Amino acid sequence: IGKTPIVVNDSRGFYTSRVFGTYVSEGMALLEEGVPPALIDKAGLVAGMPVGPLALADEISIELVHKIGQQTRADLGGAYVERAADRVAAKMVVELGRLGRKSGAGFYDYPADGTKHLWPGLARHFVQKVGAGGTAPISLEAIIERLILVQSVETARCLEEKVLRAAIDADVGAILGWGYPAFRGGPVGWLHTLGLPAAVAALDRLAGQHGPRFAAPQLLRDMAARGERFYP
């Protein structure tokens, strides 16, 4: 059927949905923090992703993001850690009735006689924080780092948890499965580009700033300490 298969273990989200979802979730977290939505989606494109995270949420449906969060919370119970994406999706779907492209209204508006554009109401419901002179509170480079590294760290967790058998499966699945930028070599390949010690240091910094979703798994720490690589 013209597809390239990878083998994954039977786990929540398997691999592609689990890691791909972190890209969308991080975009929503940035929105909740007050980063202008146009800057968030621009950063996704500059990073090499085929679609910005908010536009992508509209395509897959914000309602689906909301329902997945609800089901995961029900399944995990007290072990569930609420995410910014849960709050943003609930606000959009339950409070504002904006389900995504399928309803003609999500983070973007979809006029029948024109091209889609960001919904102006986002500025009211998600207060956009700007600094002196109208500058954004976060640089484009910092947004790109978060959107890319959140995928890499979740991929490393999938390898640690044996959701994946090999790093090559992770990178092939990312590039062919959800359009991860090929020039970065895949989420594992990007860790190699940074160097594992530098990647762990960056993740420690991001975890301190933004929480445990960026915490480097022990697998990465051990490999960095031993000077090991995922690929020869």
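The values are calculated or read from the model by the stated rules, or taken from the named source; none is laboratory data. None of these values were measured; they are calculated from a predicted model. Cβ atoms come from the backbone with ideal geometry, glycine included; neighbour counts cover every protein chain shown. Note: areas computed on protein heavy atoms with side chains; ligands, DNA, RNA excluded. Shrake-Rupley method; radii C 1.70, N 1.55, O 1.52, S 1.80 Å.
Of note:
- Within the chain, the longest segment free of exposed loop sites, counting trypsin sites (Lys or Arg not before Pro) that fall outside DSSP classes H, G, I, E and B and have at most 16 other Cβ atoms within 10 Å, spans 13-115.
- Using a Förster distance of 30 Å, the FRET efficiency for Arg12-Asp113 (Cβ separation, nearest 0.05): 0.10
- Heavy atoms of the protein chains alone define the surface here; on that basis the chain has 48 Å² accessible area per residue at 1.4 Å probe size.
- Prolate/oblate/rounded call for the stretch 89-164, Cα gyration tensor, a/c under 1.5 rounded: oblate
- Taking the helices alone, the chain has a mean residue ellipticity at 222 nm of -17000 deg cm²/dmol, built from -39,500 (n - 2.57) per DSSP H run of at least 4 residues and averaged over all its residues.
- Glu33/Ala79 FRET efficiency (R0 35 Å; Cβ-Cβ; nearest 0.05): 0.90
- About its Cα centre, the dipole of the chain is roughly 60 debye, where the only charges are +1 on Lys and Arg Cβ and -1 on Asp and Glu Cβ.
- For the chain, lysine pairs separated by 8 or more sequence positions, or belonging to different chains, with Cα-Cα distances below 25 Å total 13.
- Read-out Rg/Rh (Cα atoms, Kirkwood Rh), derived from the coordinates shown; its label in [x] 0.97; [y] 1.03; [z] 1.14: [x]
- Expressed as a whole percent, the accessible area of the chain that falls on carbon and sulfur atoms is 58 (1.4 Å probe).
- Here the dipole of the stretch 60-173 is about 340 debye; that uses its Cα centre as origin and unit charges on the Cβ of Lys and Arg (positive) and Asp and Glu (negative).
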